[in-house]
Amino acid sequence: MKEIISFTDFKKLDLRVATVLEVSLVEGSDKMLKIQIDLGEEKRQILAGLGKVYTPAELIGKQLIVLVNLEPKKMLGEESQGMLLAADSEEEIAFLTTYRKMPAGSRVR
């Protein structure tokens, strides 16, 4: 387990429901996905190195959980503006999602 954080630190995380609009492979990579998401009031681009696990078609229309207040990062000439949350084991990677359909941009708490 990682270091224990305070509830105050946890409250700094801005987790939201995002609806996936478009997905494509980043040019020059065989696994980096460029994912366009809808957060309700804005649209963003997020990069995820999961192109060998998920096809673009599998993700379009899905609702995923995103950390939206993460500092943007450039990778392979593209900017990632957040992070998709996922669970992983040695055999599988699964994106975190909602049990019911929610409006894009809904807060996770």
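Could you grab me the full set of residues in segment 1-19 that are part of a helix (DSSP H, G or I), within 30 Å of Lys43 (Cβ to Cβ) and either in contact with a strand residue (DSSP E or B) (Cβ under 7 Å, 6 or more places away or on another chain) or hydrophobic (A, V, I, L, M, F, W, C) (or both)?
Answer for segment 1-19, where residues must be part of a helix (DSSP H, G or I), within 30 Å of Lys43 (Cβ to Cβ) and either in contact with a strand residue (DSSP E or B) (Cβ under 7 Å, 6 or more places away or on another chain) or hydrophobic (A, V, I, L, M, F, W, C) (or both): just Phe10.
Restricting the search to segment 43-56, which residues are more than 14 Å from Phe95 (Cα to Cα) and either of a type in the set (Phe, Trp, Tyr) or touching a residue at least 24 places away in the same chain (Cβ under 8 Å) (or both)?
Of everything in segment 43-56, those that are more than 14 Å from Phe95 (Cα to Cα) and either of a type in the set (Phe, Trp, Tyr) or touching a residue at least 24 places away in the same chain (Cβ under 8 Å) (or both) turn out to be Arg44, Gln45.
Condition check ((1) within 12 Å of the chain's Cα centre (by Cα); (2) modelled with pLDDT under 95; (3) of a type in the set (A, V, I, L, M)) across all residues:
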position	(1), (2), (3)
Thr8	no, no, no
Glu27	no, yes, no
Glu78	no, no, no
Leu85	yes, no, yes
Ile93	no, yes, yes
Met102	no, no, yes
Gly105	no, no, no
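Could you check segment 28-41 and list, in sequence order, the residues that are free of Cβ contacts under 8 Å to residues at least 24 places away in the same chain, more than 17 Å from Ala86 (Cβ to Cβ) and part of a loop (DSSP other than H, G, I, E, B)?
The answer is Asp30, and nothing else.
Taking segment 72-109 as the search range and keeping residues that are in a strand (DSSP E or B) and among the aliphatic types (A, V, I, L, M), which one is surrounded by the fewest Cβ atoms within 10 Å (Cβ to Cβ)?
Let us first name the residues in segment 72-109 that are in a strand (DSSP E or B), namely 73-75, 78-80, 83-84, 86-88, 93-95, 107.
Narrowing further to those that are among the aliphatic types (A, V, I, L, M): 75, 83-84, 86-87, 93-94.
Values: Met75: 14, Met83: 17, Leu84: 21, Ala86: 17, Ala87: 9, Ile93: 13, Ala94: 11.
Result: Ala87.
Within segment 1-17, can one find any residue that is surrounded by 15 or more Cβ atoms within 10 Å (Cβ to Cβ), within 18 Å of Val108 (Cα to Cα) and of a type in the set (Lys, Arg)? Show your work before the answer.
Here is the first cut: in segment 1-17, the residues surrounded by 15 or more Cβ atoms within 10 Å (Cβ to Cβ) are 15-17.
Keeping just the survivors that are within 18 Å of Val108 (Cα to Cα) gives 15-17.
When the remaining residues are screened for being of a type in the set (Lys, Arg), the result is 16.
The answer is yes; a qualifying residue exists.
Tell me, yes or no, whether segment 49-71 has at least one residue that is surrounded by fewer than 13 Cβ atoms within 10 Å (Cβ to Cβ) and assigned to a strand (DSSP E or B).
no
How about segment 1-20: which of its residues are closer than 18 Å to Ala86 by Cα and without any contact (Cβ under 8 Å) to a residue 40 or more places away in the chain?
Of everything in segment 1-20, those that are closer than 18 Å to Ala86 by Cα and without any contact (Cβ under 8 Å) to a residue 40 or more places away in the chain turn out to be Met1, Lys2, Phe10.
Here is a list of conditions, (1) under 13 Å from the mean Cα position of the chain (by Cα); (2) surrounded by fewer than 18 Cβ atoms within 10 Å (Cβ to Cβ); (3) over 26 Å from Arg109 (Cα atoms), and Lys34 meets all of them except one; can you say which number that is?
Only one criterion in (1) under 13 Å from the mean Cα position of the chain (by Cα); (2) surrounded by fewer than 18 Cβ atoms within 10 Å (Cβ to Cβ); (3) over 26 Å from Arg109 (Cα atoms) is unmet by Lys34, namely (2).
The values are calculated or read from the model by the stated rules, or taken from the named source; none is laboratory data. Just so we're clear, the structure is a prediction, and the values are computed from it rather than from any experiment. Positions of Cβ are generated from backbone atoms using ideal geometry, with glycine treated the same way; all protein chains shown enter the neighbour counts.
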